[in-house]
1. Let me confirm something: among 118, 91, which residue is at pLDDT 95 or above, within 18 Å of residue 63 (Cβ to Cβ) and buried (at least 19 other Cβ atoms within 10 Å of the Cβ)?
2. Take the residues in the stretch 149-176 that are over 24 Å from residue 91 (Cα atoms) and part of a helix (DSSP H, G or I); name whichever of them is modelled with the lowest pLDDT.
3. Kindly indicate which of 170, 132 is under 16 Å from residue 60 (Cβ atoms) and more than 18 Å from the chain's Cα centre (by Cα).
4. Out of all the residues in the stretch 149-158, which are touching a residue at least 40 places away in the same chain (Cβ under 8 Å) and over 11 Å from the mean Cα position of the chain (by Cα)?
5. Tell me, which residue of the stretch 160-170 that is under 16 Å from residue 98 (Cβ atoms) and in contact (Cβ under 8 Å) with a residue 24 or more places away in the chain is surrounded by the most Cβ atoms within 10 Å (Cβ to Cβ)?
6. Collect the residues in the stretch 26-53 that are part of a helix (DSSP H, G or I) and surrounded by 14 or more Cβ atoms within 10 Å (Cβ to Cβ), keeping them in residue-number order.
7. Restricting the first residue to the stretch 106-118 and requiring it to be touching a residue at least 12 places away in the same chain (Cβ under 8 Å) and at positive phi, which pairs with a second residue that is loosely packed, with under 14 Cβ neighbours inside 10 Å and not in a helix (DSSP H, G or I) meet a Cβ separation below 8 Å and a spacing of at least six or different chains?
8. Name the single residue, out of those in the stretch 137-148 being part of a helix (DSSP H, G or I) and in contact with a helix residue (DSSP H, G or I) (Cβ under 9 Å, 6 or more places away or on another chain), that is modelled with the lowest pLDDT.
């Protein structure tokens, strides 16, 4: 008979193995060059957020290329992968914004660029959603993810605008 602590250890080991397999399954969406660029801009909110905007834009461009390339045979799968890459990078950008807010960094200038990019991202994602709705068989493989990505960007736009407003107000009072 296995003791309770033995069962717990076996369960913990199984969970560790599953998490390791999951981590191996989904590679980091950033390539080594992008990681180096982020490392170099670690303490500069403006530069770091510009990089995340650039990386997010690159992921959407890659998505658009997959969607328009007639030679792509597994379009739905590649679309889903590119959407996930975009979402991973975009979520990282939001995490960085949160970190800089905790450090009380001045994000007014970079937030304006983020909000501009948000608007661009929304337009491109909505266009994808519109074109995807025309092909129901293909869209089933990534519809939930696309909806999640759109929801994330939509809520982030509101959060980014609110944060910009709060920062402008806070810095206006500091000047007095």
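The values are calculated or read from the model by the stated rules, or taken from the named source; none is laboratory data. Quantities reported herein were computed from a predicted structural model and do not represent experimental measurements. Glycine gets a Cβ as well: all are built from the backbone with ideal geometry, and neighbour counts include every protein chain shown.
1. Matching residue, one of 118, 91: 118.
2. Within the stretch 149-176, the match that is modelled with the lowest pLDDT is 175.
3. Every option except 132 fails the conditions.
4. 157
5. Restricting to residues being under 16 Å from residue 98 (Cβ atoms) and in contact (Cβ under 8 Å) with a residue 24 or more places away in the chain, the top hit is 160.
6. Answer for the stretch 26-53, where residues must be part of a helix (DSSP H, G or I) and surrounded by 14 or more Cβ atoms within 10 Å (Cβ to Cβ): 34, 37, 38, 45, 46, 47, 48, 49, 50, 51, 52, 53.
7. Pairs found: none.
8. 137
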